[in-house]
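Quick note: the coordinates plus some simple rules give every number you see, no bench work behind them. Every value quoted in this text rests on a predicted model; they were computed, and no experiment measured them. Please note: Cβ atoms are built from the backbone with ideal geometry, for glycine as well, and neighbour counts cover all protein chains shown.
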């Protein structure tokens, strides 16, 4: 059984563009120029129980809109959504009992009251029994290390502390499916690591399905085997991160620092690959394929005197931005 | 049952939070009392010179005003969602509300409740007591039940109108500036409707039925038999208004567009 099934899902927003000038404003009063914007354009995918999927795309690509349809906040314009065997917006109140949601930029907790009071309210709202709560939350609180924060009001917490509490709050009813929208935005490395560690743990322990949107590719690399990439409301890639890297990030960059000045022509005639100048004419960067690496280094080392050399893998971040610039086709 | 226990939980949380800010609570209490006092003085001044207003005596009008304060206090404590558009739609708080397994309107009522407004109800009871003693009104035991019914009816009329107005935010992005105007119109309900012209009277009875919050139900306790039909319609109007507003709300939630991040 799938945790998420989406078929030809579409969401259109009607927006109107205002005319310029005072006369235009008066005309707007009577007739408006409506424009239909398709935020999510006939996307289809499925997610199995226990999968961790990264949902990525640029700002405005339709990530949040999809998540909001999957969580029952927005009603789709057309298409089929089945999440945890239910139609999110039709059976909203029963459905949300089975999901956890964290919006990184929006707090789920009550601003003025202590964290544990928020937890207590949510426990009531989700109808969690004392026994289930204690069993599950003791562990969550311990792993996220938020025990000392419980009696502080949310407004006094730092962003990192708050985020950990948010995560705990989303798990009070131990949902089988967790939606995380930018959960690590603005957090420092240590907190990020802790949160990732925690997500892995609950995924292993409870087989929790996790759908994650983020701009931080290291999150995706650390957590997700599968990524779904979105551009202008359409899915442009759906598959393993490994595969994406192999197709797109096959190359390496080798940075040579020469003892003497060299010219591009010299280098190109010796080794016909793409050469790019570094900060000066002592520094050159070769873009090569992985299996050519040894050959290129061998040739250069035998012909020139070198001061330094280092090899860099193309980061996922660069791969993604390349894809957005060039389109997926050539991969 | 579940909803009642949630309600109590929120309420105890609310009181706990309020008690944390003691000075705030004190100032609020004081300013509420002063507000009520000013209102009362206003009424006394306005009706001080005229003993009769279209057949209504000064004390009767004060009684109506006192009655009006009770459902209004209940409304202000629980359904005062005038800033719904600003707070929930523009700022996108509605997203959070919709991811919880409780009816969205109920959650908002819980989050926005202001129990200190209940004070106005006590003022209302005092005002009514004062007027009643001057009018030498007598009450039966079942009048208590009717009083509760009429107050609830009035509260739901008020709530229904304001929930409907809040629901408009689901369709239109524009900030609704009708809210303050509505508060003004709402105040007309606390004067005898037969002092207005027919159109206004019709509106206050059937379109924006604010008359059911003040004059109609109060007329029963003033033993104005010619108004009894309207008096007894109060709970019915409450149920109708509230139901309609709920339907409108639910339809609105489906239209909710969310706020961009």
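Under 20 Å from a point placed 7 Å out from the Cα of residue A:94 along the Cα-to-Cβ direction: which residues of the range B:75-103 have their backbone N that close? From the range B:75-103, the list is B:98-103. With R₀ set to 45 Å, the beta-carbon distance separating residue B:111 from residue B:54 gives a calculated FRET efficiency near 0.55. Taking label points 7 Å from Cα along the Cα-to-Cβ direction, residue B:15 and residue A:206 give a separation of 3.3 nm. Please give the average number of partner chain Cβ atoms lying within 10 Å of the Cβ of each residue in B:89-99, rounded to a whole number. Averaged over the peptide's residues, the number is 5.
The order of B:3, A:55, going from fewest to most other C-beta atoms within 10 Å of their C-beta, is B:3, A:55. The packing ranking, built from the mean of other Cβ atoms within 10 Å per residue, places the peptides A:107-114, A:236-243 in the order A:107-114, A:236-243, highest first. Full extension of the segment from residue A:135 to residue A:269, taken as 0.36 nm per residue of separation minus the current Cα-Cα distance, would add 41.4 nm.
Here each label is just a point 7 Å from Cα along the line to Cβ, and for residue A:87 and residue B:183 those points are 4.2 nm apart.
Spatially, the range A:73-104 and the range A:153-180 are offset by 20 Å when compared through their Cα centroids.
Estimated from helices alone, the mean residue ellipticity of chain A at 222 nm is -11000 deg cm²/dmol (sum of -39500 (n - 2.57) over DSSP H runs with n ≥ 4, per residue). Ellipticity at 222 nm from helices only: DSSP H runs of n ≥ 4 in chain B, each -39500 (n - 2.57), divided by the residue count, give -22500 deg cm²/dmol. Taking the Cα atoms only, what angle lies between the long axis of helix A:159-170 and the longest principal axis of chain A, rounded to 10 degrees? The angle comes out at about 50 degrees. If you plug the beta carbon distance of residue A:46 and residue B:22 into 1/(1 + (r/R0)^6) with R0 = 60 Å, you get a FRET efficiency near 0.60. From a point 7 Å beyond the Cα of residue B:195 in the direction of its Cβ, which residues of the range B:218-238 have a backbone N at a distance under 20 Å? Those under the cut-off are B:218-228, B:231. Counting every other Cβ atom within 10 Å of each residue's Cβ, A:165, A:224 order from fewest to most as A:224, A:165. Taking every C-alpha pair closer than 8 Å and separated by at least 6 residues, the mean separation divided by the residue count of chain B gives a relative contact order of 25 percent. Distance from the C-alpha centroid of the range B:1-46 to that of the range B:141-160: 21 Å, rounded to the whole angstrom. Which log10 I(q)/I(0) values, to two decimals, does chain A give at q = 0.14, 0.16 Å⁻¹ under the Debye formula with one point per Cα? Reported log10 I(q)/I(0), two decimals: -1.08, -1.26.
Summary of packing: across the peptides A:261-272, A:12-23, B:111-122, the per-residue average of other C-beta atoms within 10 Å ranks them, highest first, as B:111-122, A:261-272, A:12-23.
Computed from the Cβ-Cβ distance with R0 of 35 Å, the FRET efficiency linking residue B:168 to residue A:10 stands at 0.85. One compactness figure for the range A:250-313 is 0.98, namely its Cα radius of gyration divided by 2.2 N^0.38 Å.
In chain A, the longest principal axis of the Cα atoms and the axis of helix A:115-125 are about 60 degrees apart. Principal axis extents of the Cα atoms in the range B:22-255, from largest to smallest and rounded to whole angstrom, are 55, 44, 34.
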